[in-house]
Amino acid sequence: MAKKNKVTVTFSKDSLLNFFKKLIQEPIYFFLFALYPTLSLYSQNISELFPEKILPSLIFVPTLSLVIFFLLSKLFKSKDKAALLVLLVLVLAFNYDLVKTSLPDFTFNIFGLALGANKTLVPLFGFILLFGSYLIIRKGSAKLRQPLNWLVILLLVFPLFKIFSYEVGTKRFFGLTKREVVIESTDKLTLPKDPPDVYYFIFDRYASFQNLKEFYNYDNKELADFLTEKGFYLAKASRDNYPATFLSVSSSLNLNYITSLVKALPKDSNDQTLVYPLMANYKVEKDLRALGYKYFHVGSWWNPTRANKNADKNYVFRLSNFVNLDEFSSKLLETTIFSPIIQKLNRFDLDEPYGNFDHRNRILFGLQSLKKIPQERGGPKFVFGHILLPHAPYVLDQNCKPIRPEQTKKHSPVVNYLNHIKCANSNIKEIVNNILAQSKNSIIVIQADEGPTPILNKVSQRWDKSSLKSLKEKTGILNAYYFPDQNYKNLYQTITPVNTFRLVFNQYFGANFKKLEDKIFIFENPTGAPYKLHDRTKEIFK
């Protein structure tokens, strides 16, 4: 039998050093710079994202840059000219928003044509691209290779150091660290003879009936009368358990407080992703699916609720049939020169901020989706909808028609917020009518996860040091229930979201959950210490 030859590959310190020396002499700066926008944006939002969420952008932008580089290399028969041209495109594309936001708002009127920032800067950047390309094609030189390589490497050091420090400190390591989540067990739920459809709608930052009257002098009578006539119970003095979506939704979907759900919660951490698994695999969905329910999910642009892998059907807004951007990719796109171009292709005002344009489209898409789902057939349904309305930015008028930033500036923040409330109301009515027209055997919960960011009584940077008025303005939430048998004896005016599905499961699915004490927790700092929570229940409910 012939002997098999062993092939061994060894990497010595000298061989690696020689490889790096050769590499640094090539024009790799364009490829390295293609990594920078993604890494920089991630480092600025690192506490709110899982690392794997940046992989699509981290792969797509450098890969596209390489493809363009190879094509230009063939066209101009010069690697240096190709590398410089790609770098020029990347610098202009990904620094567009930085330049735009550095400038004050302005509008020029030329021959009756209003020219705002986008309509001025897009042509200017186009001219710079053409002129810069002309210079590069004429004078592109290999002398710039090493200086540009080292400059971009130095640029990458800052976000990479921040990312490495954070990932090591939190031990996340691209999602590989196991998050220990404790879900309370209960007796197995039982399926009723005539199982009701279950709808859970979260209208983000929708204030309570009580708070709208007290703080904004707005009597939400139109919605209250409509819901009452339809047979709803209105918990008009309801408040949130936590003043932030990532804590509040995690808690309500799992029927318990965060401190009971996450094992050994590190109070000194600002890592919001600690609780994200509670929104990916949550108790309400698991228990209802175990009973044979189909799960329909209508999410927002926010990653934790954007889509759910367990859903039978996700309703996700797409820019087109081929483009389905997550929150991070959308934010990255928002920083580029391509965002106003996309708006123009969608026949929308070029000077509308892309974030507003995207926010509006996703709200309207979510609302339309909620109106269609009641017609779905094939067994009992569980429907979860998270709609970022009346959440800012204010992009719709009271009739749900698009408005521009200059229009919102003509009104006070209270008026803009109330316009979003009125827009939400008209859609809530239509959604409820659609559900009850299909089946009155439905459980409908319409709720907010948190109240509005205080408009009249601003919170302090240290939220726990804020005035009682600001905390009261923040914590009041919309909370309305429709039960098919109209039996509301277990509901009460001050019920909080943590008890919502404890009550529903007990009353309709044979569970035996104990009612939890309704508590309101305020954090010290939403970005720096979101898990340092202070119980302010007695003061706020007083």
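The values are calculated or read from the model by the stated rules, or taken from the named source; none is laboratory data. Note that this is a predicted model, so its numbers are computed, not measured. Cβ placement follows ideal geometry from the backbone for every residue including glycine, while neighbour counts extend to all protein chains displayed. Protein only, heavy atoms only, side chains kept; ligands, DNA and RNA dropped before computing areas. Shrake-Rupley method; radii C 1.70, N 1.55, O 1.52, S 1.80 Å.
What to note about this one:
- Per-residue ellipticity at 222 nm computed for the chain from its helices equals -14500 deg cm²/dmol, with DSSP H segments shorter than 4 residues left out and the rest contributing -39,500 (n - 2.57).
- Efficiency of FRET between Asp312 and Phe161 - r from beta-carbon atoms, R0 30 angstrom, step 0.05: 0.10
- Rounded accessible area of Asp268 (nearest 10 Å², 1.4 Å probe): 130 Å²
- Solvent accessible area, Å² - Thr228, 1.4 Å probe, full protein context: 80 Å²
- Subtracting the Cα-Cα distance of Glu430 and Asn487 from their residue separation scaled by 0.36 nm leaves 18.1 nm.
- DSSP beta bridges fully contained in the chain are about 45 percent antiparallel.
- The solvent-accessible area of Val445, taken with every protein chain present and a 1.4 Å probe, is close to 0 Å².
- With every protein chain in place, the chain: carbon and sulfur % of accessible area (1.4 Å): 59 percent
- Along the chain, longest interval not containing exposed chymotrypsin sites (Phe, Trp or Tyr not before Pro), exposed being DSSP loop plus at most 13 other Cβ atoms within 10 Å: 323-542
- Its residue count N fixes a reference of 2.2 N^0.38 Å for region 127-176, and the Cα radius of gyration divided by that reference is 1.87.
- The C-alpha radius of gyration of region 221-301, expressed as a fraction of 2.2 N^0.38 Å, stands at 1.38.
- Dipole magnitude of the chain, debye to nearest 20 (Cβ charges: Lys/Arg +1, Asp/Glu -1, about Cα centre): 1520 debye
- Candidates Val86, Ser73, Val99 compared by Cα position along the dipole of region 61-106: farthest toward the positive end lies Ser73, with charges placed on Cβ.
- Projecting the Cα atoms of Val275, Leu291, Pro304 onto the dipole axis of region 264-304, where Lys and Arg carry +1 and Asp and Glu carry -1 at the beta carbon, places Leu291 farthest toward the positive end.
- In region 177-294, lysine pairs with alpha-carbon atoms under 25 angstrom apart (chain gap of 8 or more, or interchain): 22
- Accessible area per residue for the chain is 49 Å², calculated with a 1.4 Å probe on protein heavy atoms, without ligands, DNA or RNA.
- Probe 1.4 Å, all protein chains present, accessible-area order of Leu41, Leu55, Leu212, largest first: Leu55, Leu41, Leu212
- Between the listed residues Pro413, Leu130, Leu516, the Cα displaced farthest toward the positive end of the dipole of the chain, a dipole computed from Cβ unit charges relative to the Cα centre, is found at Leu130.
- Sequence-distant contacts, meaning Cα pairs under 8 Å at least 6 residues apart, place the relative contact order of the chain at 21 percent.
- Chain lengthening between Ile137 and Thr120 when straightened (0.36 nm per residue, less Cα-Cα): 3.5 nm
- Efficiency of FRET between Asn525 and Thr63 - r from beta-carbon atoms, R0 56 angstrom, step 0.05: 0.90
- Seen against the Cα atoms of the chain and their longest principal axis, helix 117-139 is set at about 20 degrees.
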